[in-house]
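Since the structure comes first, as structure tokens, the remarks are kept for the end.
The values are calculated or read from the model by the stated rules, or taken from the named source; none is laboratory data. In this text, all values refer to a predicted model and were calculated from it rather than measured experimentally. The protein model used for the area step is the full one, side chains on, heavy atoms only, and it has no ligands, DNA or RNA in it. Shrake-Rupley method; radii C 1.70, N 1.55, O 1.52, S 1.80 Å.
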Amino acid sequence: MEGLRPHERPLLQIAPMMEVTYRDFRYFIRLLTRRTQLWTEMVVDDTVLHNLEPAKCDRFLGFHEVEHPIVCQLGGSDPSKLAAAAEVAQRYGYDEVNLNVGCPSCRVANKGEFGCSLMKRKEVVRDAIHAMSRSVQIPVTVKCRLGVDDFDSQEFTRDFVRTVAQGGCKHFIIHARKAWLNGLSPAQNRTIPPLHYPRILDLCKEFPDLNFSINGGIADVGHARALLGFPNQRMEGETDDLYAAAWDWETSQGSCPVPSNLLGVMIGRGAMNTPCMLWDVDRTIYGGEKPEPVTRRQLLEKYRLYLEETHEDGGSVGSAHLALKPTLGMFAGLRGNKAFRNTADAVMRKKEGGPAHVLEQAMKAVDEANPGILDEPLQGTAPFKPQVKNETPRGQKRKPGGNVTDVSCASETTQLPDASPLVTA
């Protein structure tokens with residue numbers, strides 16, 4: 001696998017996700033792609049500052065050296081605390097620190113008074129970014145949404161970006177929908193508010209000296225390629241019309257712009273649900289050499305060796321579940337999915353060995369139930385397939401009676417076949 005190139009443009013980024021993008025998940029993703037930018041889960045500033053002893057702080061900020069390039073996302077609203085936490089992140093060796101201004105969880109936005117609620121307090125965000133930027137030498141960025149509650153106009157977003165940029169932020173990663181702080185769960189806030197991709201293009205045009213990345217509703221690498229304007233070499237079927245369709249661009253407005261200050265695309269749940277799609281992005285997104293064919297057996301065996309080194313036998317069922325969780329999408333939509341999940345669940349309940357043993361037994365079960373599936377080469381990236389006009393619009397879900405209601409984005413809510421959850425306690 002091709003190595004890391006320092007200070008490379010983050011064309012593809014894996015979104016920060018609570019209880020997903022922890023250390024084991026990030027290592028597993030590195031088995032698939034060397035150049036994609038990884039992000040931590042959000043770490044609250046107080047959590048860092050109250051656990052400065054190395055043994056404690058490692059639990060929250062420790063990472064494997066292969067995880068570079070990696071971003072540490074912080075949560076908080078006190079500029080001095082965020083600055084101090086950013087210094088700690090820099091000492092740990094992170095390549096970038098990011099301020100979370102997009103999380104809609106009520107525990108964060110209401111009780112904690114940070115996350116997405118900070119979009120209503122743009123001066124606080126500006127001051128926090130200024131303090132963080134003065135305390136570290138690594139880039140300080142902001143991840144936010146287009147708006148919050150009834151504050152979601154185009155001018156509101158522009159004003160937020162303009163104000164926060166005064167604090168020194170040069171790169172905004174924007175989830176292309178707003179959030180509702182009351183009445184919707186975090187999962188609903190990822191699906192119910194409609195997506196507005198063209199507004200990201202508007203920000204790129206309005207602020208040519210700033211950089212932007214787009215997040216939200218991007219479930220596969222083909223869509224990411226289309227949003228980026230088909231980097232490197234176009235595949236068959238990748239046309240200008242497909243580029244416009246990826247951006248939900250109305251052709252009546254003329255040709256869809258290709259902004260030079262769109263730095264990258266961020267994928268979240270798609271990487272969790274179907275991680276195998278990432279195996280060739282170092283070529284299809286970054287233009288690297290064509291990789292050798294890879295099988296699920298090869299990936300799982302490498303991860304099993306990692307688990308042997310990092311996870312001891314005799315841990316709790318919950319810790320074993322977290323260690324195996326990154327592999328749960330390996331057979332999404334394929335035969336073998338049920339055998340893999342059910343066996344892993346049963347072996348964990350017996351508490352006969354650590355995560356490496358559980359994974360080994362699950363692989364054996366797949367071999368017995370579906371011979372050959374583990375040794376089939378992973379499929380390469382395919383061109384983006386936009387929804388046709390008579391399908392449910394992006395960001396909506398069709399009711400059984402045929403009416404369309406603003407409920408969810410199909411690309412973000414696809415359920416895995418046989419997706420019975422592993423035990424967590």
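With the other protein chains left in place, how much accessible area per residue, in square angstrom, belongs to the chain at a 1.4 angstrom probe? Numbers along the way, then the final one.
On the way: 19080 Å² over 425 residues.
Spelled out: the 1.4 Å probe surface of the chain, per residue, equals 45 Å².
Can you give the Kirkwood hydrodynamic radius of region 72-131 from its Cα pairs, in Å with one decimal?
Computed over Cα pairs of region 72-131, the Kirkwood hydrodynamic radius comes out at 11.5 Å.
Between GLU360, GLU67, GLU292, the GNM of the chain built on Cα springs shorter than 10 angstrom shows GLU292 fluctuating the most.
Counting only Cα atoms, I'd like the Rg/Rh figure for region 254-295, Kirkwood definition for Rh. In region 254-295, Rg relative to Rh is 1.09.
Calculated from the alpha-carbon coordinates, region 112-208 shows an Rg and a Dmax of 13.4, 40 Å respectively.
Pairs of alpha carbons in region 287-348 separated by more than 20 Å make up 36% of all such pairs. On the principal axes of its alpha carbon atoms, region 31-146 extends 39, 31, 27 Å, with the longest extent given first. Once backbone amide H atoms are built at 1.01 Å from N, GLU376 has ARG296 as its partners under 5 Å, excluding neighbours fewer than 5 places away on the same chain. Over all pairs of different C-alpha atoms in region 261-367, the reciprocal of the mean inverse distance, the Kirkwood hydrodynamic radius, equals 15.1 Å.
Give me the percent of Cα-Cα pairs in region 237-320 that sit more than 18 Å apart, rounded to a whole number. Don't skip to the end; give the middle numbers.
Details: 2383 of 3486 pairs.
Summing the P(r) tail past 18 Å for region 237-320 gives 68 percent.
Its alpha carbons considered, the chain gives a radius of gyration followed by a Dmax of 21.3, 63 Å.
Binning all Cα-Cα separations of region 15-66 at 10 Å, short to long from zero, yields these whole-percent fractions: 24, 50, 23, 3.
What a 1.4 Å probe finds exposed on the chain is 49% carbon and sulfur by accessible area, rounded to a whole percent. For the chain, the mean residue ellipticity at 222 nm estimated from helices alone is -10000 deg cm²/dmol, where every DSSP H run of n ≥ 4 contributes -39500 (n - 2.57) and the total is divided by all residues, rounded to the nearest 500. Taken as Cα centroids, region 263-337 and region 94-133 sit 30 Å apart, rounded to the nearest whole angstrom. In this structure, the pairs whose alpha-carbon distance is over 18 Å, taken from LYS205/LYS385; LYS302/LYS325; LYS120/LYS205; LYS122/LYS143, are LYS205/LYS385; LYS120/LYS205.
Normalising the average separation of contacting C-alpha pairs (under 8 angstrom, six or more residues apart) by the number of residues puts the relative contact order of the chain at 16 percent. ARG162 exposes around 90 Å² of accessible area when a 1.4 Å probe is run over every protein chain in place.
Remark on THR141: its backbone amide H falls under 5 Å from those of VAL97, ASN98, LEU99, a criterion applied only to residues 5 or more positions apart or on other chains, H modelled at 1.01 Å from N.
Centre-to-centre separation between the Cα atoms of region 343-378 and those of region 1-75: 27 Å. Here the Gaussian network model covers the chain, with springs between Cα atoms less than 10 Å apart; of VAL97, VAL142, VAL258, VAL258 fluctuates the most.
What's the Kirkwood radius of region 322-374 in Å, using all Cα pairs? Don't skip to the end; give the middle numbers.
Details: mean 1/r = 0.0913 Å⁻¹.
Hydrodynamic radius (Kirkwood, Cα only) of region 322-374 equals 10.9 Å.
Panel values: region 183-284, Kirkwood radius from alpha carbon pairs, Stokes-Einstein at 25 °C and 0.890 mPa s, translational diffusion coefficient 165 µm²/s.
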